[in-house]
Amino acid sequence: MMPPEADGHGPGPAAVPQPRPTTRRRWMGGAAALLGGAVGLPGCRPADGDARQALKDTLARLQGGWVGAAHARGHRLRDAGPPAWPAGEPPRRAQVLVLGAGIAGLACARRLQAAGVDTALLELEDQPGGNSRGHALHAAGRALPCPLGAHYLPLPGPQAREVQELLAELGLVREFAGRPVYDERHLCHSPQERLFHQGRWHEGLLPPSEDAGVLAQYRRFGAEVERARRELGFAMPAHRAPWTPGHARLDAQTFAQWLDERGLDAPPLRWYLDYCCRDDFGAPAAQVSAWAGLHYFGSRHGFMQAEEREAVLTWPEGNAWLVQRLAAPLAGRLHTGRSVLALREQRHEVEVLALDERSGRPERWSAAQVVLALPLFIAARIVQQPPEALRQAAAQARYAPWRVANLLLDAPPLERLGLGPAWDNVVYGSASLGVVNAAHQALDPRPGPQVWTAYQALPVAQRQALQTQDWGSAAAEILAEQMPLYPDLLQRVQRIDLMRWGHAMSIPLPGVRGSAALAELRERGQGRLHVAHADLAGYSVFEEAYTSGCEVAQRLLRAAGRRA
Ligand SMILES: Cc1cc2nc3c(=O)[nH]c(=O)nc-3n(C[C@H](O)[C@H](O)[C@H](O)COP(=O)(O)OP(=O)(O)OC[C@H]3O[C@@H](n4cnc5c(N)ncnc54)[C@H](O)[C@@H]3O)c2cc1C
């Protein structure tokens, strides 16, 4: 078993997933198509031969590859038939077996272990953390940590009790005069966000406008959010707000339909709302439900026209900072590199079949209770004869694919006009989600190498293309978008490591959030099986995943007559 990340600074060199070597011939074909004009360079005229040549030369010298996910392990479940259960050796036993060491699985196992329950945790990847895993790039003899997926946590509100407790336990917050005071080193440093709009950088992400019609729509949308908050109510985690016929009506239409009905059609407003939906839900306003669109604002910060954004906690390695601390007490109970292949419920126990990826040997486990801390579509595939609620919930789930790129720069690049570098840097009108600077939280003011993380949520129809995309064409797309913003970017960039998330997060399509199947899985176990995962909320954020894991642990402890 590989131990969880051990030092206080994210994954150390030994823990860093190594990129697969990229043969230039393999990817140059795809890059050549891109450079030949299949995709235009935003901001560069297609005829700008110099820019194309510079990009081509950069790609020829750049290092990097696809990192971070053992797709072959995941696809074994899809491609191989039902596995044979090996006879022979007696199964390994645990009172509770947690399958999947993402945030939900870690939260659940940690609570159970703290209460003295004999718990084991099986994880397919070689690192715990799931969508919140980290990575590192190396420069000047140093490891520069960066995220592979989740990179921030908004300050929890009153309903996210378990998250508040965790942050207090980790020393991130203390109470002073009855109010929470957060450790400033972990709050996102200023400036938090900036938007490149009409040739310069502006603070915040809401497009600046002097058009009276646009400003009126900003105000009107803000008023609609406040009204929905007052009359219906939203919470984070979502299930801690009541579910009323008013919520169900919002869940029955898309956010875009809801906005159209109210004449909220100003392009800057619609681009911004689309951006928010793609950023949190992986899909635009035309796909997510109106419940999701309003929940985004109503459950957290409201719609702040003045762009006084909410504070967030963040770290160079993103939420992997939290993962490392969640996993640390589980050492010895956390078995990474274990792909769960099948599960069958018996009268007095649950049997689980896993594959030890290092030895290639099957491993049988037996437990009184099993927690499926897995995406629903995987959980439904593993369980032989899945309970009806799990089958239905998995059938309705649709997952957004995401691509995440970590760019190593040898020094900060030259800047365009306007506000200076921010943590999150977004281009107005772009289909990608912008670039987060992992060095923004550094307390060392000297300029040096830094890592940028570029995020993109892709349409579901592009999952297959993402799976087979070559590194060169993906790297070219990312550089082509950033080149017009940073004049010497191509000189600065040294390496690009790419991560593909085939099923990054469940999209809150109309009908998903209000589905009876999800509510049933959230509220009760199915025999000896319990589901804990962000998917149970119909969308994916840390607060949902963490609370889901804690609630299942709580339910198991109550059933066993123990205190958490
Ligand atoms: C690119 C990206 C960016 C994001 N950014 C943010 C952000 O900034 N803030 C935020 O709050 N949220 C963000 N999220 C959402 C993120 O999904 C949640 O924060 C959280 O990490 C979800 O945790 P989970 O435990 O519910 O699920 P998962 O992360 O899906 O965990 C499931 C675990 O099960 C494992 N597993 C799967 N199959 C098997 C198997 N057969 N056997 C054993 N183990 C298996 C997986 O490897 C994984 O570790 C982001 C997600 C992505 C993809």
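The values are calculated or read from the model by the stated rules, or taken from the named source; none is laboratory data. Quick caveat, the model's predicted, so the values are computed rather than measured. Positions of Cβ are generated from backbone atoms using ideal geometry, with glycine treated the same way; all protein chains shown enter the neighbour counts. Just the protein is used for accessible areas: all its heavy atoms, side chains included, with ligands, DNA and RNA removed. Shrake-Rupley method; radii C 1.70, N 1.55, O 1.52, S 1.80 Å.
Quick notes
- Accessible surface, per residue, of the chain when the full set of protein chains is kept, probe 1.4 Å, Å²: 41
- Other residues whose C-beta falls under 12 angstrom from the C-beta of Val404 contribute a net charge of +2, scoring Lys and Arg +1 and Asp and Glu -1.
- Around the Cα centre of segment 152-196, unit charges on the Cβ atoms of Lys, Arg, Asp and Glu (plus for the first two, minus for the last two) sum to a dipole of about 140 debye.
- For segment 327-451, the alpha carbon positions stretch 68, 36, 25 Å along the principal axes, listed from largest to smallest.
- Given +1 at the Cβ of Lys and Arg, -1 at the Cβ of Asp and Glu and no other charges, the dipole of segment 421-514 around its Cα centre is 220 debye to the nearest 20.
- Applying 1/(1 + (r/R0)^6) with r as the Cβ-Cβ distance of Asp57 and Arg185 and R0 = 56 angstrom yields a FRET efficiency of 0.90.
- Seen from Leu264, the other residues with C-beta closer than 10 Å to its C-beta sum to a net charge of -1, counting Lys and Arg as +1 and Asp and Glu as -1.
- Estimated FRET transfer efficiency (Ala177, Met304; beta-carbon r; R0 30 Å; 0.05): 0.70
- Its Cα centre serving as origin, the chain has a Cβ charge dipole (Lys and Arg +1, Asp and Glu -1) of approximately 1260 debye.
- Of the solvent-accessible surface of segment 216-304, computed with a 1.4 Å probe and all protein chains present, 52% belongs to carbon and sulfur.
- Interatomic Cα distance distribution for segment 436-519, bins of 5 angstrom, percent: 2, 10, 17, 17, 15, 12, 10, 7, 5, 3, 1
- Computed Kirkwood radius, in angstrom, where 1/r is averaged over Cα pairs of segment 42-176: 20.2
- Amide H contacts under 5 Å for Ala101, placed H, 5+ residues apart: Leu124, Gly129
- Here the chain has an Rg and Dmax of 23.4, 76 Å, counting Cα atoms alone.
- Separation of segment 361-430 from segment 323-344 is 17 Å, based on Cα centroids.
- All-pairs Cα distance distribution in segment 216-304, expressed in whole percent, bin size 5 Å: 3, 15, 28, 30, 19, 6, 1
- Residue-wise HN-Hα coupling along segment 220-228, computed from phi with Karplus coefficients 6.51, -1.76, 1.60 (Hz; x: Gly, Pro): 5, 5, x, 5, 5, 4, 4, 5, 4
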